[in-house]
Amino acid sequence: MLRKLLNFWIIAIAICVTPGVSFAQSAHRMTLSGASPEGLWSLLGAGINNALRADHGNSIVTYQTSGGGLANVGIVNAGSADIGIVHNIELKAAVVGAEPFKQPVTSLRTIAVLYDWAPMQLVVTRAFMEKYGINSLKDLAQKKPPLRIAVNQRGNMVQEMNKQILSAYGISYKDIESWGGQVIYAAGGSMADLFNDRRIDMAGNGVFAPDRNFNQAAQNMALDILPLESHVIEKVAKATGSDPYTIKKGEYEWLTHDVPTVALSAVLVANQKMSEQDAYDLTKALVKNIARVQEVHKSMASLNPKLMASLKIVPYHPGAVRYYREAGLMP
């Protein structure tokens, strides 16, 4: 009996003194699926890793590149990554089984909202506005000018947002072409060049304000941003999972009025199969060490715990819920 008891304490002591092994600080190994290797999401990956390591020093979050949020839905759903970053509009499409998804995706669970301030910006040249008397999207629908508009790439959810917004005003891509205009499927990074080459009159993109591409174009021409009407904001937000948002005048030097619109959010998600303890530890680390995420880029300064716990589209992981309730961030 004494020998068995002695063996028990030897094992217990070995566990307690082994480096990196602790009941209070278990090590986590997680893979995060983001987007490009150099964009904001890669910086967020570093911030998430630093936040987790601040509480669990032997942990590591490995960042892997992907095609972005749409791809990450499939990657996390398949278990090819433990966590991923996905836009709110992509999550909405996934959970309802809208294009490009063939059926609803039910395995994703929210860990935290990372930001909600990437507004849809319908930027238009003042020369076009003055030539055709355009001050709103409603004017576009009524006057039917030969508009050349860049809407982002096919298969990109921002392109779908442009389509949804125009549709709310009764405008289709075919309508624009029938007016003698053109719909150009171009990535956001090429929109400044398209403006500067005088190949487009308008561009729609969901990005932080101020956006460097739009500012670059504004060096060579006068620009403005068209506002959305309240009923359109409500309709588009409900259909896409986006959030109402206002771009304040002065966010661009050339913007002289507030612009009501809708915004994209970035959400950290996990598969429902993640253990409750892992999700709890990750969520707690992100909230406690939020400064580690805020410091990765000046645009992240507004991140706060209340925002992290605010998503309505996809249920939170039970482990995340447990921590948010402990912190008084959820009922």
For this session: State the percent of C-alpha pairs, over all pairs in the range 118-264, separated by a distance greater than 21 angstrom.
Result: 36 percent
Seminar exercise, completed: Summed over the other residues with a beta carbon less than 11 angstrom from that of Pro146, with K and R at +1 and D and E at -1, the charge totals +2
Problem set entry | Relative contact order, percent, the range 117-272 [alpha-carbon distance under 8 Å, six or more residues apart] | 33 percent
Exercise. Can you list the aspartates and glutamates whose alpha carbon is less than 15 Å from that of Lys235, not counting same-chain residues fewer than 8 positions off?
Worked result: Glu160, Asp243
Exercise. Evaluated at 25 °C with a viscosity of 0.890 mPa s, what Stokes-Einstein diffusion coefficient in µm²/s does the range 238-289 have when Rh comes from the Kirkwood expression over alpha-carbon pairs?
Worked result: 170 µm²/s
Exercise. Given Cα pairs under 8 Å that are at least 6 residues apart, what percent is the relative contact order of the chain?
Worked result: 23 percent
For this session: Go through the range 154-232 and name the GluC sites (Glu not before Pro) that are in a DSSP coil and have 14 or fewer other Cβ atoms within 10 Å of their Cβ.
Result: Glu229
Problem set entry | Helix 2-17 vs. the chain, principal-axis angle (Cα, 0 to 90°, nearest 10) | 30 degrees
Problem set entry | Along principal axes, Cα extents of the chain, largest first, whole Å | 95, 39, 34
Exercise. So which lysines can Lys284 reach, going by Cα to Cα under 27 Å and dropping same-chain residues fewer than 8 places off?
Worked result: Lys92, Lys273, Lys298, Lys306, Lys312
Problem set entry | For the range 30-104, average projected area of the Cα convex hull in nm² | 5.0 nm²
Problem set entry | Radius of gyration and maximum dimension Dmax of the range 93-180, Cα, Å | 16.5, 51
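Rule-based calculations on the coordinates, nothing more; no lab input. Fair warning: this is a prediction, and the values are worked out from it, not measured in the lab. Using ideal geometry, Cβ is built from the backbone for each residue, glycine included, and neighbour counts are taken over all protein chains shown.
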